[in-house]
Amino acid sequence: MIALEKETMAAGFWDDPVSAQSKMKRLAGLSGDVEEWSGLEERAGSLVELIEAAIEEKDDSLTKTFVEEIGGLTGKLDGLEFKLALAGPYDQRNAIVAVHAGAGGVESQDWVRMLMRMLARWSERREFGCQVLDVSPGEEGGVKSATLEISGEYAYGYMRSERGVHRLVRLSPFDADHARHTSFALVEALPEVEQGVDVSIDPSDLRIEVFKAGGAGGQSVQKNSTAVRITHEPTGIRVSCQNERSQHQNKAIAMRILTARLMEREMKLRSQEVARLKGEHVSAEWGNQIRSYVLHPYKMVKDHRTGHETSDAEGALDGDIDGFIDAYLTHGIGGLRGDGRQSQA
């Protein structure tokens, strides 16, 4: 924080307004954290003095007040300690979350739809925003893939806990015999990118195509070419958006998704280089089965990284996943932190 303060006072700091504003925002956040810790320390110090005085005077009339104040301080401390798990440089940002169906056709595509609802309901519980940026519907039902933007304080820090493969076991509603099926879906979480600060893109590296947006048919199919597909040729990363009714809006959203994916790629490359130098193994993302949701023959949701589980499967699928998120963050585990480095158990 001291280094950042010195940087803001340096000559030419405002020569790059976008970068300067980003650093000032970061400094304001750090200053707020310092104020919270300082305020807690001051409250604790005052309470200790009052308790010592009461003990010296053998006055127990304020015992109940002291107990309540200690409880308040403990709760505040727990909250601040939890925020330390969200200390990555990108953790405070909004999150772009992509959900992809695994093998299994309509079963896995319906599972993507269920996960989309789960994340939307979690966002609603926290009073976060949740906007669908792009959806690729399945031919028979469900969703092949979807991209959401979850906006709120520390949205990306929280959503890091959801990265990986989610497994569903249930009696299939699409099977006439009601046989038990296992479905898989991959969840990706990307931090929202600050244009001109995190990633610079050469326009000549982009191939931009427009096409007619798909849909269920009838009036939902666009008659004009409003959907946009952008390919970043140096990396081969391809994104598309067809949700909005104007080509301009779809292009803007596609660019936001592309820049987030480019930053994620840079974070992974940095992490892999650190792992190579340390001799650590970095597993492929599809190998990270993080959580199982079992609806038959019993009901249970279990996180394979932390061991946290609940028998309230319906509640979890309705967005009550804070227990899983808290367990992941407080365990200090699980692949990439918000800065792209490997966290330690």
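Coordinate-derived values only; no laboratory data. Everything numeric here is computed off the predicted structure, so don't read it as measured data. As a convention, Cβ positions derive from the backbone with ideal geometry for all residues, glycine included, and neighbour counts pool all protein chains shown.
Using only the C-alpha atoms of the chain, find the volume of their convex hull and express it per residue in Å³. Mind showing how you got there, number by number?
Numbers: hull volume 67.0 nm³, N = 345.
For the chain, the hull spanned by Cα atoms encloses 194 Å³ per residue.
How far apart, in nanometres, would the label points at LEU84 and GLN289 be if each is projected 7 angstrom from Cα along the Cα-to-Cβ direction?
The modelled label-to-label distance comes out at 3.5 nm.
At R0 = 25 Å, how high is the FRET efficiency between LEU206 and TRP14 if r is their beta carbon distance? Nearest 0.05 is fine. Please report the intermediate quantities before stating the final value.
Working: r = 30 Å, r/R0 = 1.19.
After rounding, the FRET efficiency stands at 0.25.
In nm, what is the difference between 0.36 nm times the number of residues separating PHE174 and MET300 and their Cα-Cα distance? Spell out each step's value before the answer.
Details: separation 126, 0.36 × 126 = 45.36 nm, distance 2.17 nm.
Gain on stretching PHE174 to MET300: 43.2 nm.
With a 10 Å radius around each residue's Cβ, average the other Cβ atoms per peptide and rank 294-301, 173-180, 162-169, highest first.
Values: 294-301: 15.0, 173-180: 10.5, 162-169: 20.6.
Answer by packing, highest mean first, reads 162-169, 294-301, 173-180.
Viscosity 1.002 mPa s, temperature 20 °C: give me the Stokes-Einstein translational D for the stretch 2-84 in µm²/s, with Rh taken as the Kirkwood radius over C-alpha pairs.
136 µm²/s
Specify the inter-centroid distance of the stretch 45-72 and the stretch 74-153, based on alpha-carbon positions, in whole Å.
Using only Cα atoms, the two centres lie 45 Å from each other.
Consider all pairwise Cα distances in the stretch 1-155 and report the whole-number % of them above 23 Å.
On the way: 7510 of 11935 pairs.
Roughly 63 percent, rounded to a whole number.
Run the dipole for the chain about the Cα centre, Lys and Arg Cβ at +1, Asp and Glu Cβ at -1, nothing else charged, and hand back the magnitude in debye, nearest 20.
1840 debye
By average Cβ neighbour count within 10 Å, what is the ranking of 83-96, 304-317 from highest down? Please report the intermediate quantities before stating the final value.
Details: 83-96: 20.0, 304-317: 16.1.
Output ranking for 83-96, 304-317: 83-96, 304-317.
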